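Read-outs throughout are calculated quantities, based only on the coordinates presented, and are distinct from any laboratory measurement. None of the values given here were measured: they were computed from a predicted structure. Backbone-built Cβ (ideal geometry, glycine too); neighbour counts: all protein chains shown.
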Amino acid sequence: MTGPGTVRDPAGPPVIEFRGVGLSYPGPPAVEALRPSELTVGRGEFVSVIGPSGSGKSTFLNIAGLLDRPTAGRYLLDGIDTASLGDADRTALRGRRIGFVFQSFHLLPHRSAAENVALAMVYRAEKPRQRLARAREALRQVGLGHRAAALPTRLSGGERQRVAIARALVGRPSILLCDEPTGNLDSANTENVLGLLDDLHAEGMTVLVITHDPAVAARGSRVLAIRDGVLTEQARA
Ligand code: ADP
């Protein structure tokens, strides 16, 4: 298996391209949860999006992750205009191109780490044995090869999030979309998970982290701020 940083086509289109993408809820009262925004995330970038509660982070994540359709503009993922896709094609594209990492890990408690990772491939035309072998490989990539047989309850919070990251990586997505990935972790485990995201970025993976925590956001090589639905690029330090 190639590494998680496998680059599909370095000269290809950006991973994420927003052309005037916005979302408003009709209400009443009408809410412009994301104002029409321009955004380009190139292959291999590590981008943070920071904003307080209610600023539009989930709206942004749901659009970028193909969970919601924008009400304005065009969203191109890997150069594919997602507006023209029906629901089944959007779901398939999401499954192949986006690796989600959530605050609360979403691991099945009675399945081993390797089984949890393998379940991400359940819809793929591979035999269970092949899926488990790939799951173990993904666990090795996140430094957890030795814990493949462990149940999530026997793992630390940081290790659980590493399993969730392995699960997100195993399908070789174009981008890791992380929603408050350290929100449930203490400082040591936070550092452990952020260190892994740094490593994946160094290997070429495209990473986008959504957070309300400035210390987490600062790990990105590019920081976007969102406030009252307005997405802006922060000046680099
Ligand atoms: P965050 O994730 O930063 O907390 P959200 O993206 O959830 O922010 O929300 C952005 C804005 O959109 C908020 O003002 C919120 O109240 C509003 N909003 C979110 N979901 C809905 C909805 N289904 N209907 C109406 N307004 C909504």
May I ask for the net charge around Ile226, where only other residues with Cβ less than 15 Å from the Cβ of Ile226 are counted and Lys, Arg are +1 while Asp, Glu are -1?
-> -3
With +1 on the Cβ of every Lys and Arg and -1 on the Cβ of every Asp and Glu, the dipole magnitude of region 1-122 about its Cα centre, in debye rounded to the nearest 20, is 100 debye
Surrounding charge for Leu132, neighbours by C-beta under 12 angstrom, Lys/Arg +1, Asp/Glu -1, total +3
Among Gly99, Asn116, Phe46, whose Cα lies farthest out toward the positive end of the dipole of the chain, if unit charges sit on the beta carbon of Lys, Arg (+1) and Asp, Glu (-1)?
-> Asn116
Size of the dipole of the chain about the Cα centre, Lys and Arg at +1 and Asp and Glu at -1 on the beta carbon, nothing else charged, in debye to 20?
-> 840 debye
Scan of the chain for GluC sites (Glu not before Pro) in DSSP loops with at most 14 other beta-carbon atoms within 10 Å gives a longest site-free stretch of 1-125
Hey, what angle do you get for helix 157-169 against the long axis of the chain, alpha-carbon based, 0 to 90 degrees rounded to 10?
-> 80 degrees
With springs only between Cα atoms under 10 Å apart, run a GNM on the chain and tell me which of Gly204, Gly195, Gly220 wobbles the most.
-> Gly195
For the chain, inverting the pair-averaged 1/r of distinct alpha-carbon atoms gives a Kirkwood value in Å of 18.2 Å
Roughly how tilted is helix 128-141, in degrees to the nearest 10 and between 0 and 90, from the longest Cα axis of the chain?
-> 70 degrees
Mind checking the angle between helix 187-202 and the chain's longest principal axis? C-alpha axes, 0 to 90 degrees, to the nearest 10.
-> 80 degrees
Cα centroid of region 175-200 to Cα centroid of region 42-69, whole Å = 16 Å
If Lys and Arg each add +1 and Asp and Glu each add -1, what is the summed charge of the other residues whose beta carbon sits under 13 Å from the beta carbon of Ala202?
-> -3
Read phi for every residue in region 96-107 and hand back ³J(HN,Hα) as whole Hz from Karplus 6.51 cos²θ - 1.76 cosθ + 1.60, θ = phi - 60°, with x for Gly and Pro.
-> 8, 9, 10, x, 8, 10, 10, 4, 9, 6, 6, 9
How long is the gain from Asn184 to Val122 if the chain were fully straight, where each residue apart is worth 0.36 nm and the alpha carbon distance is subtracted?
-> 19.6 nm
Hull surface divided by four, with the convex hull built on the Cα atoms of region 116-200: how many nm²?
-> 5.6 nm²
Taking the simple approach of a point 7 Å from Cα along Cα-to-Cβ for both Ser84 and Thr40, what is their distance in nm?
-> 2.0 nm
